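Inspection log for the structure reproduced underneath, given as structure tokens.
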Amino acid sequence: QVQLVESGGGSVQAGGSLRLSCVASGRTFSTNAMAWFRQAPGKEREFVTAITWSWGITRYAESVKGRFTISRDNVKKMVYLQMNSLKPEDTAVYYCAGSQKWVSSFAADFGSWGQGTQVTVSS
């Protein structure tokens with residue numbers, strides 16, 4: 001299986017920025033796409049953004065479009081999430097996920113998950 005570990009979470013004031021990182025290890029050859037999901041207390045897991053390993057094709061949730069940027073380093077097997085103009089509603093645990101599908105926004109399509117990293121945005 002694929003192991004994913006997120007890092008870079010923390011606390012920031014509204015309008016600030018954070019950069020999350022996710023490193024993949026193990027059997028990553030069948031992983032065609034990586035994504036970030038988030039989950040706030042008492043809420044459903046929410047799709048944030050995804051990227052394909054080979055082509056770098058991306059998609060974003062409307063709520064983060066223009067503020068968040070996903071990128072990847074194929075050599076280091078890392079995925080990043082640059083978050084700018086953060087809002088209090090961005091507060092959540094952010095999860096890195098891997099899928100055999102090229103690009104998907106459905107959590108059920110992702111078979112590999114990281115442990116999550118907390119992002120807290122204060123007003």
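The values are calculated or read from the model by the stated rules, or taken from the named source; none is laboratory data. Predicted, not measured: the structure shown is a model, and the values here were computed from it. Quick reminder, even Gly has a Cβ in these numbers, built from the backbone with ideal geometry, and neighbours come from all protein chains shown. Just the protein is used for accessible areas: all its heavy atoms, side chains included, with ligands, DNA and RNA removed. Shrake-Rupley method; radii C 1.70, N 1.55, O 1.52, S 1.80 Å.
Structure notes:
- Point-charge dipole on Cβ atoms (K/R +1, D/E -1) for the chain, about Cα centre, debye to 20: 240 debye
- Across all C-alpha atoms in the chain, the radius of gyration and Dmax reach 13.3, 42 Å.
- Note on the range 25-94: with neighbouring protein chains present and a 1.4 Å probe, carbon and sulfur make up 51 percent of its accessible heavy-atom surface.
- Length, then width, then depth: along the principal axes, the Cα atoms of the range 63-123 run 38, 25, 21 Å.
- Dimensions in Å of the range 1-58 - Rg and Dmax from alpha carbons: 13.6, 38
- Note on the chain: GNM, Cα springs under 10 Å; of Gly42, Gly56, Gly16, the largest mean-square fluctuation is that of Gly42.
- Thr58 sits among other residues whose Cβ lies under 14 Å from its own Cβ, and their net charge, with Lys and Arg +1 and Asp and Glu -1, is +3.
- Residue ranking by accessible heavy-atom surface, 1.4 Å probe, largest first, among Tyr94, Tyr60 comes out as Tyr60, Tyr94.
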